[in-house]
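Structure first, commentary second.
Derivation of every value follows stated rules applied to the coordinates shown; laboratory data play no part. Since this is a predicted model, take the numbers as computed values, not measurements. When we count neighbours, we look across all protein chains shown, and the Cβ atoms used for this are built from the backbone with ideal geometry, even at glycine.
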């Protein structure tokens with residue numbers, strides 16, 4: 001049986017619809033933002049091979065994400081998930097998984113959770129994804145917890161890593177100097193950790 005991975009991508013969230021509209025109107029983009037780029041989530045498929053089955057759901061309304069909407073969509077995957085699943089969340093996807101597993105008991109055994117540059121509740125832009133409960137439930141449900149942060153992240157402050165470390169003291173910390181917000185084409189370090197999981 002193939003090892004399963006659920007990957008939850010990032011997004012943006014706002015305190016109000018007005019804040020979202022303001023963001024759309026006032027944010028300036030460069031041409032780079034509109035060009036299609038290879039992302040490390042796609043390299044997982046290539047590098048892990050056919051021993052893995054990788055779910056990558058497109059979460060609803062990622063430009064103005066709402067936790068309750070993501071929760072409904074995320075739970076649609078449950079019937080297809082086996083025990084021993086690995087969950088990976090990047091950025092908004094990371095705080096989503098943290099909030100979901102802190103508030104819910106997942107019906108399947110989780111081998112590992114890997115949170116890549118997840119914001120914590122001290123980031124004002126988390127909107128409805130704000131962590132409102134202890135993260136102890138995550139430690140009880142996940143055999144391994146991995147946190148990936150870079151000191152030069154320009155989206156999520158590096159200080160958020162300390163908030164997660166305090167809330168998840170048994171987590172394995174993976175700290176980088178120069179990965180920014182992990183918008184790279186490949187991510188060999190996370191591939192290596194995934195392959196170690198039994």
### Query
Stretch residue 192-residue 75 to full length: gain in nm at 0.36 nm per residue minus the Cα-Cα span?
39.3 nm
### Query
What is the distance, in nm, between label points placed 7 Å from the Cα along the Cα-to-Cβ direction at residue 21 and at residue 140?
4.3 nm
### Query
Using 7 Å Cα-to-Cβ label points, what is the residue 37/residue 56 separation (nm, one decimal)?
1.5 nm
### Query
Taking only DSSP H segments of four or more residues, each worth -39500 (n - 2.57), what value at 222 nm results for the chain once the sum is divided by all its residues, to the nearest 500 deg cm²/dmol?
-9500 deg cm²/dmol
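Which of 186, 27, 123 has the fewest other C-beta atoms within 10 Å, and how do the rest follow up to the most?
On the way: 186 15, 27 9, 123 19.
Fewest to most other Cβ atoms nearby, the residues stand as 27, 186, 123.
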### Query
How would you rank 4-11, 172-179, highest first, on the average number of other Cβ atoms within 10 Å across their residues?
4-11, 172-179
#### Entry: residue 121 versus residue 28: modelled label distance in nm, points set 7 Å from Cα along the beta carbon direction
3.6 nm
